[in-house]
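Worksheet: the structure to be examined is printed underneath.
The values are calculated or read from the model by the stated rules, or taken from the named source; none is laboratory data. Note that the structure is a prediction, hence the values are computed from the model and not measured. Here the Cβ positions follow ideal geometry from the backbone for every residue, glycine too, while neighbour counts run over all protein chains shown.
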Amino acid sequence: MTVRVKERVDARLIAVRIPQAATDRRRRQLRESARKHGRQPSAERLALCNGNVFITNAPETLLTPKESVVMAHARWQIELVFKLWKSHGRIATWTARRPYAILCHTYAKLLAMLIQH
């Protein structure tokens, strides 16, 4: 499989089934979201609730499908931490104009978030 954004990159598509309880929870959430918008979820969308799909450029010798699931869970936790830091710690905003002052403020905010967290 080749994925193209600006240049060609060889990639692997990994599809992993999830437990039935998780599938049911996803379908409930999908139906609820569609109902709020006055729609019905399509059969395709409901079928996609059966698993997770990952695209990676890591070779199979470096990252197995099972390891890709573990990596996705870890990455999601990191994403949540940065989302929290950006919204409450305001690490993505600054008032300084000089590049080094911006960098200094950003590092100070990151350190503060680490200590507080």
>> Can you tell me which of (1) surrounded by 11 or more Cβ atoms within 10 Å (Cβ to Cβ); (2) over 23 Å from residue 20 (Cβ atoms); (3) in contact (Cβ under 8 Å) with a residue 12 or more places away in the chain is the one residue 49 doesn't meet?
In response: (2)
> In region 4-35, how many residues are under 16 Å from residue 48 (Cβ atoms) and surrounded by fewer than 10 Cβ atoms within 10 Å (Cβ to Cβ)?
Replying inline: 2
> Hey, any hits in region 18-32 for a residue that's acidic (Asp, Glu), within 18 Å of the chain's Cα centre (by Cα) and part of a helix (DSSP H, G or I)?
Replying inline: no
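Only one of 64, 56 is more than 18 Å from the chain's Cα centre (by Cα), among the polar types (S, T, N, Q) and closer than 30 Å to residue 7 by Cβ; which?
64
Just checking, does region 57-70 include any residue being touching a helix residue (DSSP H, G or I) at 6+ places or on another chain (Cβ under 6 Å) and either in contact (Cβ under 8 Å) with a residue 40 or more places away in the chain or closer than 30 Å to residue 115 by Cα (or both)?
no
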> How many residues does region 82-117 hold that are assigned to a helix (DSSP H, G or I), loosely packed, with under 12 Cβ neighbours inside 10 Å and not aromatic (Phe, Trp, Tyr)?
Replying inline: 9
> In region 73-81, is there at least one residue being among the acidic types (Asp, Glu), modelled with pLDDT of 90 or more and either surrounded by 12 or more Cβ atoms within 10 Å (Cβ to Cβ) or under 30 Å from residue 115 (Cα atoms) (or both)?
Replying inline: yes
> Within region 59-69, can you find the residues that are among the β-branched types (Val, Ile, Thr) and either at pLDDT 95 or above or assigned to a loop (DSSP other than H, G, I, E, B) (or both)?
Replying inline: 61, 64
> Among the residues of region 48-58, how many are over 18 Å from residue 9 (Cα atoms), aliphatic (A, V, I, L, M) and part of a strand (DSSP E or B)?
Replying inline: 0
